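Colleague: Please find one structure pasted underneath; my questions will follow.
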Amino acid sequence: MSHIAHIAVQTPVHSAVGEPLSYACEEVLAPGTLVRVPLGKRELLGVAWEPPAEPLPLPEGLELRSVACVLPGLAPLDAGWRRLVAFAAHYYQRSVGEIAVSALPPQLRDMTAEQLARRLAPPKPAKPPKKPRKGKAEEEAAPHAVEPAAAPTPATIPSVALSAEQASVFSQIEQNPGPFLLYGSTGSGKTEVYLRAVQAVLEASPEAQALVMVPEINLTPQLEQRFTARFAPQYGAQAVVSMHSGMTNPQRLKSWLAAHTGRARIVLGTRMAVFASLPRLALIVVDEEHDASYKQQEGARYSARDLAVWRGRDTGAKVILGSATPSLESWHASSPAAEGGPGRYLRLAMPSRIGEAALPRVRLVDMGQQPRKAVFSPPLLEAITMRVQRGEQSLILLNRRGFAPVLFCADCGWKSDCPHCSAHQVFHKGDRTLRCHHCGFTQRVPHACPGCGNPDILPLGKGTEQLEEELERLLRNVQRPDGKPARVARIDADTTRAKGALQEQLAAMHSGDIDVLVGTQMVAKGHDFRRITLVAAVQPDSALYSSDYRAPERLFCLLMQAAGRAGRDAGYVAAQGSRAEMWVQTHDPLNTVYTALRSHDYPAFAARQLQERLDAGMPPYAFQAIVRADARTQEAAQAFLNAATQAARDAQLPYLDEVFIYPPIPMAVQRVANVERAQMLLEATSRGTLLRFLNHWQPWLHWLRGQGEHRPIVRWLVDVDPLSI
Ligand code: ADP
Ligand code: ZN
Ligand code: ZN
């Protein structure tokens, strides 16, 4: 006899189907079982789900399609994972099936039962070599020899003695349930605290698992090295796995299986790792928790940091959020109840750097007092020159890649606008192209102005490419202590496109081959460079004029993080007789972003920002969502949003009175790839209210999209807790 199975599948994104679908099945499926099911003409991966609370009666005479097969050899995804998926779907206004399936490794989606069975088959034992030659034999035996040890033997873990601040923080983590906000200066040794916390949970239970997240793929190899060095001797090299989008599909499947089966004890990854199947999860670390890349910016727009906190509370795993510049949300949440704050997180502070390294001295250069048009003010150039001569390294930060953001004709006013976007095409000198950073449209640089034929078209503004070229020229007669000429290099999205390029360039920096590194925010955070004594932000001001209320917070974080790359090794700085400095060239030296930076005073900066947010009724004191519509015309996009508001009013949706809906406006970059974009902000004083309203509204948005007059709509989406507005 046949049973009804409820299967979460990825239905086409904007079909209104939000709930798991019903199928016939020969057997009763345990929730979490992986299956393949027919949908339309295709066969898709699905996850068996619990029956809905109020099952709809099936229409009379309806023939359910049958589950095609149950994927063999895998334990069902556990209840904790399913709760996480269901919560994320509910909170971020997506379907359960979409979140569930996109949380699984891509390769699993396309595998037949036979392929999976083959993949899961135990490896054939390696033939013992006839004559055991040492190196070779060890190599062959390796994959089997390092099965995770059942009982840990703490003595084998090499570790350093904790500083007093680290020890105090660690014992607080041991004694309290959390969640914790570890507020530790750059270079205060936060990673060492994470290592200890992980070690503690692994030792406490032979099956416990830990999840450690970092914002950027480029930080994972470094982290992987530190964790593998620490834990592989005791738990085996397979106990530590990575999960990020830079891995191949087979690698991702391998890591996922290791986590799902419990073989992996530690999962390191980027935001996607928050959805890893971790049946014995006991600890979650979110490093650099303030970082914007924890927020997914397409599809389901989830915050991996927020989901980590939710998952930890739900499954009883401890959660540590770490940062030198916490998000204002987390800072607020950790403000102690004794001081009238919410006290939801326990704030732990590590103000000092390891080894008494001083935080860099911050020098603000008032560009109003410097020669006009100088990219590098004379005092900054001199400070960089001195460092090259002493063999020290400098890092020059500019958050704009390419040679110049726009080409310009002084005769007729022509600018290198992208024909498909409301944005300029960026001039890349290296390959003589104009490239749009929004839609990717690329052209050869014209020989003369397309408007008037003037052969003198000029680059306007500076990008990293130009900075690198300029520095090479300015430093061409400067020598390093070994008599060789100064070496300037650049790291940004353009120089690191080739596989392995970034790691190579970072290695050159670590080894001291490079004297001056020009880079975007890619190099500003996380890296433990030992010989940098100068960091300079040459043109940070533009961020101050942004209309986004989070812009000052982001700029402050970036500069604090960048400053954190200087003077990390106290012994080196002292031996050099040098001092660590952070230079900021600005036209607005009295801006509070810079004055707070000068005193390394995050708490003062945060307090001021939070007061402004409170006065203006902004997050974290209010809750926001954005509804966005993309269409062929701006009018159509806005008409859809207006109609959506009207539909909510006409239907008198619950909670409508408690949600403020702003009128639709064009987005900052209004047109991308010939699509016009408009958005509408929603605000409420309660998270729950906003969420419940959205849940009621969602079906109306789907319905509206299907109406004839809104055919020009290309897509619409909801972004809950948006990071930029
Ligand atoms: P953060 O993550 O806070 O910026 P790291 O964890 O990278 O700082 O630590 C900075 C440096 O100090 C690293 O090189 C690390 O190996 C070293 N370090 C950390 N803790 C200790 C310790 N207790 N004793 C000696 N060195 C340490
Ligand atoms: Zn012209
Ligand atoms: Zn474009």
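Colleague: Any chance segment 209-224 includes a residue that's modelled with pLDDT of 90 or more, in the same structural domain as Gln297 (by TED's automatic domain parsing), more than 18 Å from the chain's Cα centre (by Cα) and more than 23 Å from Phe275 (Cβ to Cβ)?
Modeller: No, segment 209-224 contains no residue that is modelled with pLDDT of 90 or more, in the same structural domain as Gln297 (by TED's automatic domain parsing), more than 18 Å from the chain's Cα centre (by Cα) and more than 23 Å from Phe275 (Cβ to Cβ).
Colleague: Restricting to segment 312-351, what's the tally of residues that are within 16 Å of ligand 1 (Cβ to nearest atom), assigned to a strand (DSSP E or B) and not hydroxyl-bearing (Ser, Thr, Tyr)?
Modeller: Of the residues in segment 312-351, 7 are within 16 Å of ligand 1 (Cβ to nearest atom), assigned to a strand (DSSP E or B) and not hydroxyl-bearing (Ser, Thr, Tyr).
For (1) out of contact with any Gly (no Cβ under 8 Å at 6 or more places or on another chain); (2) outside the structural domain of Val672 (by TED's automatic domain parsing); (3) among the acidic types (Asp, Glu); (4) part of a loop (DSSP other than H, G, I, E, B), each residue gets a yes or a no:
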site	(1), (2), (3), (4)
Gly355	no, yes, no, no
Val365	yes, yes, no, no
Lys373	yes, yes, no, yes
Thr385	yes, yes, no, no
Phe427	no, yes, no, no
Cys439	yes, yes, no, yes
Gln443	yes, yes, no, no
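Colleague: Return the residues of segment 505-539 that are farther than 13 Å from Arg490 by Cβ, without any contact (Cβ under 8 Å) to a residue 60 or more places away in the chain and not basic (Lys, Arg); say none if nothing qualifies.
Modeller: Ala507, His510, Ser511, Asp513
Colleague: Please determine whether any residue of segment 271-282 is at positive phi, outside the structural domain of Thr11 (by TED's automatic domain parsing), crowded, with 24+ Cβ neighbours inside 10 Å and part of a loop (DSSP other than H, G, I, E, B).
Modeller: no
Colleague: Which condition from (1) within 16 Å of ligand 3 (Cβ to nearest atom); (2) on the phi > 0 side of the Ramachandran plot is the one that Gly391 breaks?
Modeller: Just one mismatch for Gly391, condition (1).
Colleague: Which residue, of Leu195, Leu202, is without any contact (Cβ under 8 Å) to a residue 40 or more places away in the chain, assigned to a helix (DSSP H, G or I) and closer than 16 Å to Phe170 by Cα?
Modeller: From the options Leu195, Leu202, the qualifying one is Leu195.
Colleague: Which condition from (1) hydroxyl-bearing (Ser, Thr, Tyr); (2) at pLDDT below 95; (3) in contact with a Leu (Cβ under 7 Å, 6 or more places away or on another chain) is the one that Ser277 breaks?
Modeller: (2)
Colleague: Moving on. Tell me the residue from Pro51, Pro59 that is over 33 Å from the mean Cα position of the chain (by Cα), assigned to a loop (DSSP other than H, G, I, E, B) and closer than 30 Å to Leu690 by Cα, please.
Modeller: Pro51
Colleague: Taking the condition of being closer than 26 Å to His438 by Cα and either more than 18 Å from the chain's Cα centre (by Cα) or not in a loop (DSSP other than H, G, I, E, B) (or both), how many residues in segment 518-531 meet it? Walk me through how you get there before you give the answer.
Modeller: First, pick out the residues of segment 518-531 that are closer than 26 Å to His438 by Cα: 518-525.
Narrowing further to those that are either more than 18 Å from the chain's Cα centre (by Cα) or not in a loop (DSSP other than H, G, I, E, B) (or both): 518-519, 521-523.
Within segment 518-531, residues that are closer than 26 Å to His438 by Cα and either more than 18 Å from the chain's Cα centre (by Cα) or not in a loop (DSSP other than H, G, I, E, B) (or both) number 5.
Colleague: In segment 643-679, what residues are in a helix (DSSP H, G or I) and touching a residue at least 12 places away in the same chain (Cβ under 8 Å)? Talk me through it step by step, then tell me what you get.
Modeller: As a first pass, look at segment 643-679 and keep what is in a helix (DSSP H, G or I): 643-650, 656-658.
Passing the criteria: Ala643, Ala644, Thr645, Ala647, Ala648, Leu656, Glu658.
Colleague: Here's a follow-up. If I filter segment 603-612 for residues that are in contact (Cβ under 8 Å) with a residue 60 or more places away in the chain, outside the structural domain of Met667 (by TED's automatic domain parsing) and aliphatic (A, V, I, L, M), do I get at least one hit?
Modeller: yes
Colleague: Further, regarding this structure: Quick one: is Ala448 under 30 Å from Glu224 (Cβ atoms) and more than 16 Å from ligand 3 (Cβ to nearest atom)? Even if it seems obvious, please write down each step before you answer.
Modeller: Working: under 30 Å from Glu224 (Cβ atoms): no; more than 16 Å from ligand 3 (Cβ to nearest atom): yes.
Judged against the criteria, Ala448 is not a match.
Colleague: How many residues does segment 543-563 contain that are modelled with pLDDT under 90 and either closer than 23 Å to Glu356 by Cβ or not hydrophobic (A, V, I, L, M, F, W, C) (or both)?
Modeller: 5
Colleague: Identify, from the list Ala636, Ala606, the residue that is closer than 30 Å to Val535 by Cβ, in a helix (DSSP H, G or I) and at pLDDT 95 or above.
Modeller: Going through Ala636, Ala606 in turn, just one is closer than 30 Å to Val535 by Cβ, in a helix (DSSP H, G or I) and at pLDDT 95 or above: Ala606.
Colleague: Filter segment 77-96 for residues that are touching a Pro at 6+ places or on another chain (Cβ under 9 Å) and assigned to a helix (DSSP H, G or I) and give the result.
Modeller: Of everything in segment 77-96, those that are touching a Pro at 6+ places or on another chain (Cβ under 9 Å) and assigned to a helix (DSSP H, G or I) turn out to be Ala79, Gly80, Trp81, Arg82, Val96.
Colleague: Which numbered condition in (1) more than 24 Å from Ser188 (Cα to Cα); (2) surrounded by fewer than 24 Cβ atoms within 10 Å (Cβ to Cβ); (3) touching a strand residue (DSSP E or B) at 6+ places or on another chain (Cβ under 6 Å) is the only one that Ala551 fails?
Modeller: Of the numbered conditions (1) more than 24 Å from Ser188 (Cα to Cα); (2) surrounded by fewer than 24 Cβ atoms within 10 Å (Cβ to Cβ); (3) touching a strand residue (DSSP E or B) at 6+ places or on another chain (Cβ under 6 Å), the odd one out for Ala551 is (3).
Colleague: Need pairs with beta-carbon distance below 6 Å; first residue under 10 Å from Ser416 (Cα atoms) and of a type in the set (D, E, K, R) and within segment 430-457, second outside any loop (DSSP other than H, G, I, E, B) and within 16 Å of ligand 2 (Cβ to nearest atom); sequence gap 6+ or separate chains.
Modeller: Qualifying pairs under 6 Å: none.
Colleague: A follow-up question, please. Filtering segment 292-311 down to residues that are in contact with a helix residue (DSSP H, G or I) (Cβ under 8 Å, 6 or more places away or on another chain) and not in a helix (DSSP H, G or I), which residue is surrounded by the fewest Cβ atoms within 10 Å (Cβ to Cβ)?
Modeller: Here the answer is Gly299.
Colleague: Here are some residues: Asp456, Asp417. Which one is among the acidic types (Asp, Glu), within 16 Å of ligand 3 (Cβ to nearest atom) and surrounded by fewer than 20 Cβ atoms within 10 Å (Cβ to Cβ)?
Modeller: Result of the check over Asp456, Asp417: Asp417.
Colleague: For segment 460-505, enumerate the residues that are touching a Leu at 6+ places or on another chain (Cβ under 6 Å) and either in the same structural domain as Leu407 (by TED's automatic domain parsing) or closer than 23 Å to Lys525 by Cβ (or both).
Modeller: Across segment 460-505, the qualifying residues are Thr464, Leu467, Val488, Ala489, Thr496.
Colleague: Just to check your reading of the model, which residue among Ser323, Ser335, Ser303, Ser330 is touching a strand residue (DSSP E or B) at 6+ places or on another chain (Cβ under 9 Å), among the hydroxyl-bearing types (Ser, Thr, Tyr) and either without any contact (Cβ under 8 Å) to a residue 40 or more places away in the chain or in the same structural domain as Gln93 (by TED's automatic domain parsing) (or both)?
Modeller: Working: Ser323 fails: either without any contact (Cβ under 8 Å) to a residue 40 or more places away in the chain or in the same structural domain as Gln93 (by TED's automatic domain parsing) (or both); Ser303 fails: either without any contact (Cβ under 8 Å) to a residue 40 or more places away in the chain or in the same structural domain as Gln93 (by TED's automatic domain parsing) (or both); Ser330 fails: either without any contact (Cβ under 8 Å) to a residue 40 or more places away in the chain or in the same structural domain as Gln93 (by TED's automatic domain parsing) (or both).
None of the others qualify; the one that does is Ser335.
Colleague: Note down all Cβ pairs under 6 Å where the first residue falls in segment 234-261 and is outside any strand (DSSP E or B), the second is charged (D, E, K, R), and they're at least six residues apart or on different chains.
Modeller: Tyr235/Arg265; Ala239/Arg265
Colleague: Give the residues of segment 472-517 that are in a loop (DSSP other than H, G, I, E, B), small (Gly, Ala, Ser) and closer than 26 Å to Arg435 by Cβ, sorted by residue number.
Modeller: Within segment 472-517, Ala493, Ala498, Gly500 meet the criteria.
Colleague: Does Ala486 fit the bill of being more than 21 Å from Gly187 (Cα to Cα) and within 16 Å of ligand 2 (Cβ to nearest atom)? Outline the logic, then answer.
Modeller: On the way: more than 21 Å from Gly187 (Cα to Cα): yes; within 16 Å of ligand 2 (Cβ to nearest atom): no.
No, not satisfied.
The values are calculated or read from the model by the stated rules, or taken from the named source; none is laboratory data. As the structure is a computational prediction, the values presented were derived from the model and not from experiment. Backbone-built Cβ (ideal geometry, glycine too); neighbour counts: all protein chains shown.
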